[in-house]
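No lab work stands behind these numbers, since they all come straight from the coordinates. Just so it is clear, the structure is predicted and the values come from calculations on it, not from any experiment. With ideal geometry, Cβ positions are generated from the backbone for all residues, glycine too; neighbour counts draw on all protein chains shown.
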Amino acid sequence: MQYSVSVRTLCEFTAKRGDLDLRFTPSPTALEGMAGHQHVTGRRGAGYETEIGLRGEFGPLVVRGRADGYDPALRRLEEIKTRRGDLSRQPANHRALHWAQAKIYGWLLCQARGLAELDLALVYFDLGTQEETTFVETHSAQALRAFFEARCTEFLAWAEQELAHRNGRDRALAALAFPHQAFRAGQRELAEAVYRGAAGGRCVLAQAPTGIGKTIATTFAMLKAAPSQGLDKVFYLTAKSTGRRMALDAAARLQEGGFAPRLRVLELTARDKACEHPDKACHGESCPLARGFYDRLPAARADGLARGFMDAAALRQVARRHAVCPYYLAQEQARWADLVVGDYNYWFDGSAMLYTMTAGNEWRVGVLADEAHNLVERARAMYSASLGQAALQPARESSAGDVRKALDKVQRSWSSVRKAQAQGEGPLQALPAPFVTALRKAVAAIETQLAQAAPGAADTALQQAYFDMLGFLRLADSFGSHSVLEVTQEPVRGRRAATTVRIQNLIPAPFLKPRFAAARTVTLFSATLNPPRYAMDMLGMPENTAWTDVASPFRPEQLQVRAVRGISTRYPDRQGSAAPIAALIAEQFAAQPGNYLAFFSSFDYLELVVAEFRRSHPDIPTWTQVRGMNEGQRSDFIARFVPGGAGVGFAVLGGSFGEGIDLRGDRLVGAFVATLGLPQVNPRNEQLKARLEAAFGAGYDYTYLYPGLQKVVQAAGRVIRTHEDRGIVYLIDDRFQRPAVRDLLPSWWQVTPVWRAGRSAGSCEPRAA
Ligand code: SF4
């Protein structure tokens, strides 16, 4: 069996030594890198070859990659690197790595074309100045071959170990048995959908009820498919850390139960959670865990892989033992792990690490994304950015010379934004050219200054301004009908209003499409994904995505669902609805004392009803969600739901308690949902509605109805968690009678209409939502 390795990985593994050095070097994005490469190769003459696919073997090793460019007339192979900043400050180990790559490509080309000698050139293209700096060396094919073989020999022991691991892992996964005695109802169906998706190379959208054990079912199925589909890795992505824990527990169960003992599991955590020296910078002169990082990495890597299960705690232990940074150790381990568990952003974000690694190493991966109803909102945030006049002010005040002049120009150019906003009808349609030009010039000026600054001497405010402007410009470059511009003005310290402009993404599909294409298969799953077309359109999923709606394992008699007529929770009717809602809750509580959750569309509405409830029923214990609760306060809220307890917890729909909490048995006996969860009608949502109507012909549904009802079903889903649970859900609003709304409720619910005289107007006729 052969072991395939990219030139890049081979070199990083064998030639990277010394410090981790992430000192301020404005690194180009993948897009900028590609554009830079094209710029350089576009300057070359006729006959110049680009992207030359090369391959070489050494024992069981297959080394492959694409050389950037080759000029046959000059017999010169070029390794092109795009960068920003002063090249003389480039750490020596970075340059050494680039030479190693050039030499490996050099040998592969000599071998392919029968060349006896070759010029190798490292071409550094500065994105700011558009200038090239080139270093050239001449090497004989013999010398290049010796270099190649030395690197391969160094890597071979590792490759053989990896091959043995892969063989053993795949044997175990092919024989993998479900780690519980039997599938629960629905689990098999879900697992089969994931497996079929992997086998057919398709994406899957799977709606499956809470409580069936989705985590283990999906993980099991994707791992089981790995050997036959040649999957190198499985990524399990979550919206929240609670989901990550569940995935890690499922993986531990597979390992410890002996089902997949060789599986290498890795948890990725955010830098601010993993960093051991938050007061330091990530380079050897500042942080002891960055100093000599690559010298100690091999031992740490081997130690980590020997453990197999590397959650954040285990990573920290290994990192401490070898005195390396745990955050960057995790990134290194991701190359060798089989199952990586982390946040959505590691795959879907603009500069997502797992996505970049997958593309660079040509891995075949299977991706699972849990609680996927969150992905639309999360992805919108990933592809949105704000830039504020006030936020740039500290950098302007502390700067001098060319940077000050450039930031002064940015300051003046804000007027063009305000003017364009004032002149147009409705929202700004495009960023004014003077504003964008001023931002670009400021970015270039800061780059020049920072590149000349002594290492570590960079001004924090200036760096922040730089990154803010750069992030904003990157989104500005890809601005299109998927996003809108929002301009706001706020007074600052009593002075003239400061302007903020935001690029707000509305439709993340164009950004996410390549993410689905890059994986062998992606399964998005959640208890609330209905209707599938919504997720497919908004996320840019392929047209051949398979849809699975797993039947609920719960019996209709376990959950009484009552749709309350006669009470409107629309904004103008809220005042009048407080008393009837309070009476309804109290009545149910009297009929069946126990723990209840009551959900409202906003804190204002919640406070209105709580006040009424406490006034009219002071004897019933209540506790409420408040704005900005910390982790401890959230735990205290949940802790009130004790078995056998009695009281009402008031919460907002779509908040911390509307999903992801598990109150089994009589810890929760019922829920009241006093809203359809429809997002607020405001200019942004109205604009979103118009865009979605134009794009998909479903403006109202995609903006208001579907996101709202997903929250309702999530909240109601807190009541029944096991086969033994029984409970009641009140859906309070006239509009729950509508067929279009009913269609979005779980099909196993048997909804009974009940009448309450409630709205002050006394009418129960449905109005436009
Ligand atoms: S420990 Fe913190 S400061 Fe040090 S290298 Fe790691 S992330 Fe950077």
List the extent of the Cα atoms of segment 587-639 along each of their three principal axes, largest first, rounded to whole Å. 33, 24, 18
Here the chain gives, from Cα atoms, an Rg and Dmax in Å of 29.2, 94
XL table Lys240/Lys273; Lys273/Lys513; Lys103/Lys233; Lys240/Lys711; Cα-Cα > 19 Å flagged, in table order, is Lys273/Lys513; Lys103/Lys233
Pop a pseudo-label 7 angstrom from the Cα along the beta-carbon direction at both Ala116 and Glu397 and give the gap in nm to one decimal. 7.0 nm
Okay, which of segment 135-154 sit inside 20 Å, backbone N to the point 7 Å along the Cα-Cβ direction of Arg75? 135-148
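Using a Förster distance of 41 Å, how high is the FRET efficiency between Asn167 and Gln38, based on the Cβ-Cβ distance and rounded to 0.05? Walk me through the numbers on the way to the answer.
Working: r = 41 Å, r/R0 = 0.99.
Calculated value: 0.50.
In percent, what relative contact order does the chain have, based on Cα pairs under 8 Å that are 6 or more apart in sequence? Could you put the intermediate results ahead of the total?
Values: 1394 pairs, mean separation 96.1, N = 769.
For the chain, the relative contact order is 12 percent.
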DSSP bridge orientation in the chain - percent antiparallel, rounded to nearest 5: 35 percent
Can you list residues whose amide H is under 5 Å from Trp336's amide H, if they're 5+ apart or on another chain and H is modeled 1.01 Å from N? none
Describe numerically, in nm with one decimal, the distance between label points set 7 Å from Cα along Cα→Cβ at Asp604 and at Ala177. 6.0 nm
Percentage relative contact order, segment 88-181, counting C-alpha pairs under 8 Å, at least six apart: 22 percent
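Using the number of other C-beta atoms within 10 angstrom as an exposure proxy, rank Trp107, Trp547 with the fewest first. Write out the running numbers ahead of the final one.
Working: Trp107 25, Trp547 16.
Exposure proxy ranking, most exposed first: Trp547, Trp107.
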Extending each Cα 7 Å along its Cβ direction at Gln464 and Thr488, get the distance between those two points in nm, one decimal. 1.8 nm
May I ask you to work out the translational diffusion coefficient for segment 701-748 at 20 °C, viscosity 1.002 mPa s, via Stokes-Einstein with Rh from the Kirkwood sum over Cα pairs, reported in whole µm²/s? 181 µm²/s
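What FRET efficiency do you get for Glu285 and Phe135 if R0 is 30 Å and r is their Cβ-Cβ distance, rounded to the nearest 0.05?
Values: r = 25 Å, r/R0 = 0.84.
Once the sixth-power term is evaluated, E becomes 0.75.
How much length would be gained if the chain were fully extended between Arg404 and Ala299, taking 0.36 nm per residue of separation minus their Cα-Cα distance, in nm to one decimal?
On the way: separation 105, 0.36 × 105 = 37.80 nm, distance 4.75 nm.
So the chain would gain 33.0 nm between Arg404 and Ala299.
Note down the Stokes-Einstein diffusion coefficient of segment 1-122 in µm²/s, whole number, using a Kirkwood radius over alpha carbon pairs, 20 °C, and 1.002 mPa s.
On the way: Rh = 15.6 Å.
Taking Rh from Cα pairs, D becomes 137 µm²/s.
Report the full-extension gain for the segment Ser635 to Lys513: residue separation times 0.36 nm, less the Cα-Cα distance, to one decimal in nm. Walk me through the numbers before you get to the answer.
On the way: separation 122, 0.36 × 122 = 43.92 nm, distance 3.77 nm.
Roughly 40.1 nm would be gained on extension.
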P(r) for segment 171-284, please, calculated from all Cα pair distances in 10 Å bins and given in %. 12, 41, 30, 10, 6, 0
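Calculate, in nm to one decimal, what Arg89 and Glu57 gain on full extension: separation in residues at 0.36 nm each, minus their alpha carbon distance. Could the numbers behind the result be given before it?
Values: separation 32, 0.36 × 32 = 11.52 nm, distance 3.58 nm.
That pair, Arg89 and Glu57, stretches by 7.9 nm at full extension.
Please grab the % of Cα pairs in segment 668-718 that end up more than 19 Å from each other. Kindly include the intermediate steps, with their values, before the conclusion.
Details: 446 of 1275 pairs.
Considering segment 668-718, 35 percent of its Cα-Cα pairs are separated by more than 19 Å.
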Translational D in µm²/s for segment 608-752 (Stokes-Einstein at 25 °C, 0.890 mPa s, Kirkwood Rh from C-alpha pairs): 145 µm²/s
Compute the long axis of helix 214-229 from its Cα atoms, compare it with the longest principal axis of the Cα atoms of the chain, and write down the angle in degrees, 0 to 90, nearest 10. 30 degrees
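FRET efficiency for Glu154 and Ser228, Cβ-Cβ distance as r, R0 = 25 Å, nearest 0.05?
Details: r = 33 Å, r/R0 = 1.30.
In this case the efficiency is close to 0.15.
Run through segment 552-635 and list the trypsin sites (Lys or Arg not before Pro) located in a DSSP loop whose Cβ has at most 16 other Cβ atoms within 10 Å.
On the way: sites: Arg562, Arg565, Arg570, Arg574, Arg614, Arg615, Arg627, Arg634; in loops: Arg570, Arg627.
Hits after loop and neighbour filter: Arg627.
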